[in-house]
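In what follows, a structure is listed as structure tokens, so that the remarks can point back to it.
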Amino acid sequence: MKLLEVTNLVKRYRDGEARVDVIRQINFSMNEGDFVSIRGASGAGKSTFLNLLGALDTFDEGDILMQNKSLRLYAKEEGLAAYRRDKIGFIFQNHYLMADFTVLENAMFPLLIQKKKKIEARDRAAGILNRVGLGHRLHHYPSQISGGESQRAAVARALVHEPALVLADEPTGNLDAKNRRLFIELLNSLQQEKNLSILVVTHEEDLASAAQRQYLMQDGQLLDWR
Ligand SMILES: Nc1ncnc2c1ncn2[C@@H]1O[C@H](COP(=O)(O)OP(=O)(O)OP(=O)(O)O)[C@@H](O)[C@H]1O
Ligand SMILES: [Mg+2]
């Protein structure tokens, strides 16, 4: 099943008189269950592309269709906040866990903003936290867990509402070699087990090559890797 279709996508920044196209006419698509990676030099446009897909930023030309519905239409109808809340799971380089909330509460958050009942949110959050190996850390605060654990908590938070698409921007950027390996194993096994659709942007060869389909972003364009 087709999940995502990107057509002739352009993102342009204006700097006074000058205009710079940072995303240049990208065509791209994903099916449900695809695990895709994008490598590329710093400044190539990787984060910009991910942010466009996640509706964290707006594009200038072309279109993005999620499950056959244009983001332009989403913006008019339910709104892009609803799109992000319901369709996307984000994982960033920094875990962005909320310091004043426990690991469990952090992982419940996406369900609470979907107005799910607290008891359901707690059950589902505890379930996915168990799955990522944090069953013994539910009531700890982010400051009381390690960097690797924090990133696994961020994975739980990204998956708890079963998003259509998981977007990960340098998710292993702050991890040491051992935690990076654990993270990649976890992502791989979750992807297969839950048939997740994942788009990951990374500098790191081991993570990039874990994906089934691999691209290179170069000057705002997507090329097949190798
Ligand atoms: N708000 C902005 N205004 C102007 N230019 C911007 C803005 N945000 C990003 N850019 C430019 O867009 C280009 C792509 O940036 P982007 O962050 O997408 O790169 P990246 O591939 O993610 O790089 P990195 O690997 O360093 O994270 C860069 O040249 C950057 O300077
Ligand atoms: Mg980036």
- Query: When you go through (1) in a loop (DSSP other than H, G, I, E, B); (2) touching a strand residue (DSSP E or B) at 6+ places or on another chain (Cβ under 7 Å); (3) surrounded by fewer than 22 Cβ atoms within 10 Å (Cβ to Cβ) one by one for Pro171, which number turns out not to apply?
  - Reply: (3)
- One residue from Asp63, Asp57, Asp34, Asp86 being at pLDDT 95 or above, open to solvent by less than 70 Å² (accessible area, probe 1.4 Å) and within 16 Å of ligand 1 (Cβ to nearest atom): Asp57
- Message: So, in region 117-142, how many residues would count as being crowded, with 18+ Cβ neighbours inside 10 Å and either aliphatic (A, V, I, L, M) or assigned to a loop (DSSP other than H, G, I, E, B) (or both)?
- Response: 8
- Message: Would you confirm, using the coordinates I've provided, whether Ser150 is of a type in the set (S, T, N, Q) and either in contact (Cβ under 8 Å) with a residue 40 or more places away in the chain or surrounded by 19 or more Cβ atoms within 10 Å (Cβ to Cβ) (or both)?
- Response: yes
- Residue ID - nearest to Arg19 (Cα to Cα), chosen from residues in region 35-68 that are assigned to a strand (DSSP E or B) and within 12 Å of ligand 2 (Cβ to nearest atom): Gly40
- Message: Is it the case, given these coordinates, that Leu112 is surrounded by fewer than 17 Cβ atoms within 10 Å (Cβ to Cβ) and under 20 Å from the mean Cα position of the chain (by Cα)?
- Response: yes
- Message: From the list Gly173, Gly135, Gly127, exactly one residue is on the phi < 0 side of the Ramachandran plot, modelled with pLDDT under 95 and not β-branched (Val, Ile, Thr). Which is it?
- Response: Gly173
- Residues of region 182-226 satisfying the condition of being in a strand (DSSP E or B) and buried (at least 20 other Cβ atoms within 10 Å of the Cβ): Ile198, Leu199, Val200, Val201, Tyr215, Met217, Leu222
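The values are calculated or read from the model by the stated rules, or taken from the named source; none is laboratory data. These numbers come from a predicted model, not from an experiment. Every residue, glycine among them, receives a Cβ derived from its backbone with ideal geometry; neighbour counts consider all protein chains shown. In case anyone asks, the SASA skips ligands and DNA or RNA and just uses the protein heavy atoms, side chains included. Shrake-Rupley method; radii C 1.70, N 1.55, O 1.52, S 1.80 Å.
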